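Have a look at the structure below before the remarks.
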Amino acid sequence: MRVWLLLAVVVLGGTAGEIAVTRAMKQIGEVHHFHPRALLGVLGRAFRVKWMWLGLGLLAMGFFSLLTLLSWENVSFVVPLTALSYVVGALMAKLFLGEEVDQIRWMGVLLVVLGVVLVYVG
Amino acid sequence: MKLRGRFRLKTRVLIVLMVLFGALGDVLLGKGMRQTGGVALTSLRGIFDGLDLGFHNHLVWMGILSLIVFFVCYLLLLSWADYSFVTPTSAASYAVVTILGWMVLGETVPSGRWLGVLVICFGVFLVGRTPSRTDTETE
């Protein structure tokens, strides 16, 4: 039971963190200049957005939950299950970020999940 | 709703950099941590001792630097591209890690894993065929 609970924290918490980070980056807007000084400015602005801190907090929680999970179970069991994050991520992006996930993108996401499972089971 | 489907040069370049540095970071961290003898996850003391050994290994530091480059590329991409576009695309790093392991480290890769790599590549190809940004402009 505790394995499945922690897995839910890894998948849902980690993905929610990435969604929050995405929201922060969309808030600061598209980056056009890639000079190191301009990039530092972008990162500085990003870290002043509250969504970024919420996202990093959730990502840290997901990461440490993953480490704990890996100390209980084999990688070949944990990683294929955490690949569900791709599906959860597409759903959350549709719901919370207003992205359009069409059939082709869904097929791509499902194939990526299947591929990750094969890589670790194979 | 305004759709922006151009798969621009900067998107391609940053995806390639993100995938390469993500894979390189994983390989370097994995190799460096194995050189240190691994982390005992049985106690907090074991974890900190293992991480302390890792931080004295130059491969681990190169791995961390690679992962920082990966994360910056990921953040920059998310400033204009969809999350549901960028994240599945980053899975191509599984393929790069497998190919690097086979070519550089001389690892034996079972056929099931090669099949997985092919399926991931096809999935990434399909995601790459969709518009890189579909949400309403927020800028």
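Worth pointing out:
- Every condition in (1) at pLDDT below 95; (2) surrounded by fewer than 17 Cβ atoms within 10 Å (Cβ to Cβ); (3) away from chain B (no Cβ under 11 Å) is met by A:ALA38 except one, and the failing one is (3).
- Leading residue by the ranking (surrounded by the fewest Cβ atoms within 10 Å (Cβ to Cβ)) among those in the stretch A:45-81 that are farther than 24 Å from A:LEU97 by Cβ and touching a Phe, Trp or Tyr at 6+ places or on another chain (Cβ under 8 Å): A:VAL75
- Meeting the requirement of 3 or more residues that are in contact with a Ser or Thr (Cβ under 6 Å, 6 or more places away or on another chain) and among the hydrophobic types (A, V, I, L, M, F, W, C), the helices (runs of 4 or more DSSP H) wholly within the stretch A:9-122 are A:85-96.
- Exactly one residue out of A:VAL109, A:VAL87 is out of contact with any strand residue (DSSP E or B) (no Cβ under 9 Å at 6 or more places or on another chain), buried (at least 19 other Cβ atoms within 10 Å of the Cβ) and at pLDDT 95 or above, and it is A:VAL109.
- Tally, over the stretch B:77-88, of residues that are surrounded by fewer than 23 Cβ atoms within 10 Å (Cβ to Cβ) and in contact (Cβ under 8 Å) with a residue 60 or more places away in the chain: 1
- In the stretch B:1-20, the qualifying residues are those that are more than 20 Å from the chain's Cα centre (by Cα) and basic (Lys, Arg), and the one that is modelled with the lowest pLDDT is B:LYS2.
- The number of residues in the stretch A:71-122 being touching a residue at least 40 places away in the same chain (Cβ under 8 Å), over 22 Å from A:TRP4 (Cβ atoms) and more than 7 Å from chain B (Cβ to nearest Cβ) comes to 1.
- Just one of (1) facing chain B (nearest Cβ under 7 Å); (2) within 19 Å of A:GLY13 (Cβ to Cβ) fails for A:LEU54. It is (1).
- Helices (runs of 4 or more DSSP H) lying entirely in the stretch B:53-139 (those with 3 or more residues that are within 12 Å of chain A (Cβ to nearest Cβ) and more than 15 Å from the chain's Cα centre (by Cα)): B:111-128
The values are calculated or read from the model by the stated rules, or taken from the named source; none is laboratory data. On a predicted model such as this, the values are computed, not experimentally measured, just so you know. Positions of Cβ are backbone-derived with ideal geometry, glycine not excepted, and every protein chain shown enters the neighbour counts.
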